[in-house]
Amino acid sequence: GAEFIDSYVFNQVEDIRFNSTVGKYVGYTELGLKNAETWNKGSVLAQELGELERYCKHNAAISYGAVLDKT
């Protein structure tokens, strides 16, 4: 399966990342940890999951179909 990563970087340091395998935001700095806790509770996570569903699953189906066409 495919994994979708959405990283948020500030001053060249990754603060927070959405990881589709985990299904939530993970913080890597003090600020990132605070944001992850907040974002995982609210509409931000729902929006990210919506993007994942709309973009990744759609494109995965197209890619999979293209692979099948070549066999």
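Nothing in this text is a laboratory measurement; each read-out follows from the coordinates by a stated rule. Just so you know, these numbers come straight off a predicted model, no measurement behind them. Virtual Cβ from ideal backbone geometry, glycine too; neighbours counted across all protein chains shown.
The modelled label-to-label distance between residue 5 and residue 44, using points 7 Å beyond Cα along the C-beta direction, is 1.9 nm. Taking a ≥ b ≥ c as the square roots of the eigenvalues of the alpha carbon gyration tensor, the range 1-47 is oblate, as a/c is not under 1.5 and a/b does not beat b/c. Residues whose amide H falls under 5 Å from that of residue 15, counting only those 5 or more places apart or on a different chain, are 8, 9, 10, with hydrogens built in the peptide plane.
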